[in-house]
Amino acid sequence: MSEQATLTHLKAVTASLEAGTTSQIRYLLNGALPAQDVARLLESSPPKERQLLWDLIDSKNEGEILQYLTEDISIPFLKKMDTKQLLAVSEQFETDDLADMLQHLPEKIVKEVLASMSAQNRLRVEALLSYPEDSAGGLMNTDTITIRPNITVDIVFRFLRRHKKLPDMTDNLLVVSRSDRFLGTLPLTKLLVADTNATIREIMDTETTVITSNTSAREVAQVFEKLDLVSAPVIDEKSGKLLGRITIDDVVDVIRDEAEHSMLSMAGLDDDEDTFSPVMKTTRRRAVWLGINLITAFIASYVIGLFQGTLDQVVALAILMPIVASMGGIAGSQVLTLVIRGIALGQIGSTNTRWLLNREIIVGLLNGILWATVVAALTAFWFDNLEIAYIIAGAIMINLLFAALTGTLLPIALNRLGIDPALAGSVILTTVTDVVGFLSFLGLATIFLI
């Protein structure tokens, strides 16, 4: 559903709620719209209306819709359910999605849900729960079709016909030994044209891309993107046993989450920030970063205070001071964003950091010369004072060079320390460019004017 269609349905739903007529809404939510579109309607509604809409959804449809909701929205609904309701919902979930859901519920409820499941399903879910959510083990689905290498194509066809439905995104059959050690894959495209008397060993692919269970979700996404995969087997690194498989739909979710994470983190917001979350919840989340920003602002103000005597004597400096800090902030943010993107894509390492740093310093120098000249000319015309023009030109040059240096090295250093550069980088960068900008501008003014 397009954004315009979502807004159109949202208006119709809001009007029906205000009028007290829910039959049309119930029809839309329980069959007229796909589960993905219902999820978008819920995400686009304020909390009170969202709850009213959720109450109109039939219990048989809840599980499918929950899979498309962000955690910030789905978890409150799940926590209000009893064990019987959770079990009914869980039957509509893929195994990997169910494991993700359970990780956010109280331990007591998780134990009750697991105890209510069949032994086979419980073992599958418990296996997934043992892996971090952002790893290949956490992403994988245990719903796979495996075959032995010594059977014939004819036997495989008879085996497949006994299935009412193949797992979604099945493009390969996975070949394993009797001990479940992964041996290779048999693409369905090759199976369909193979001689029915041929053995699987004769036609299977042994040069297959495999992913170990401890591989990070980001690396998994990079492998899928690079090789255009639809699915990939996940194995245990030590034993080589097949654990499950990852499919492209899960990788798309990872890519989307990574993009949202980078965008929201640079503003100090949570990954699953709900557009319509309650006032107090939103206030608490944002207050932390406002407090951090206040500390950095006091640092910059302290630097300005060191030059109070200079500012008292030359008022023009107070007028021009924000220009220096702003130019450095923008230049640094450009570099920071580029480097964070390179880190996310796995393009930046120890072998090319020096080249990248040299490139950014040269770019900073050239832009510094260009814009220092422009600002100096405007300053000279505005205040009819060449000394101040030269000082602001020098300060802009210095700040743009520091911005290039910090914007390049800061995210690389934070990443090596295990700190998310998207979350902390912009705050530190802003502090550096503000302090260096004020220090260089007011320091030069103190030396040459006072």
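Results, tabulated for the structure shown:
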| item | result |
| --- | --- |
| Some residue of segment 156-172 being at pLDDT below 90, at negative phi and among the hydrophobic types (A, V, I, L, M, F, W, C) | yes |
| Check on residue 213, among the small types (Gly, Ala, Ser) and in contact with a Leu (Cβ under 6 Å, 6 or more places away or on another chain) | yes |
| Boolean, residue 246 is over 19 Å from residue 71 (Cβ atoms), at pLDDT 85 or above and not in a helix (DSSP H, G or I) | yes |
| Scope segment 322-344; condition open to solvent by 50 Å² or more (accessible area, probe 1.4 Å) and over 28 Å from residue 375 (Cα atoms); matching residues | 341 |
| Residue within segment 109-131 that is under 25 Å from residue 257 (Cβ atoms), at pLDDT 85 or above and not hydrophobic (A, V, I, L, M, F, W, C) present | yes |
| Those residues of segment 58-91 which are surrounded by 20 or more Cβ atoms within 10 Å (Cβ to Cβ) and farther than 20 Å from residue 106 by Cβ, in sequence order | 65 |
| Residue check, residue 282 surrounded by 16 or more Cβ atoms within 10 Å (Cβ to Cβ) and at pLDDT below 80 | yes |
| Top-ranked residue in segment 237-254 [being open to solvent by 20 Å² or more (accessible area, probe 1.4 Å) and touching a strand residue (DSSP E or B) at 6+ places or on another chain (Cβ under 8 Å); ranked as farthest from residue 139 (Cα to Cα)] | 239 |
| Members of segment 393-432 found to be more than 27 Å from the chain's Cα centre (by Cα) and of a type in the set (S, T, N, Q), listed by number | 399 |
| Cβ-Cβ under 7 Å pairs, at least 6 apart or on other chains, segment 212-224 side over 11 Å from residue 344 (Cβ atoms), far side assigned to a helix (DSSP H, G or I) and of a type in the set (Val, Ile, Thr) | 217/254; 220/251; 220/254; 224/248; 224/251 |
| Pairs, first touching a residue at least 60 places away in the same chain (Cβ under 8 Å) in segment 343-371, second among the β-branched types (Val, Ile, Thr) and open to solvent by less than 100 Å² (accessible area, probe 1.4 Å), C-beta under 9 Å, six or more apart | 343/412; 348/339; 348/412 |
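Yes/no matrix, rows are residues, columns are (1) open to solvent by 20 Å² or more (accessible area, probe 1.4 Å); (2) under 23 Å from residue 249 (Cα atoms); (3) among the hydroxyl-bearing types (Ser, Thr, Tyr):
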residue	(1), (2), (3)
129	yes, yes, no
144	yes, yes, yes
162	yes, no, no
173	no, yes, no
199	yes, no, yes
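The values are calculated or read from the model by the stated rules, or taken from the named source; none is laboratory data. Remember, predicted model here, so these are calculated numbers, not experimental data. Note that each Cβ is placed from the backbone with ideal geometry, even for glycine, and that neighbours are counted across all protein chains shown. All accessible areas refer to the heavy atoms of the entire protein, side chains included, with ligands and DNA or RNA removed. Shrake-Rupley method; radii C 1.70, N 1.55, O 1.52, S 1.80 Å.
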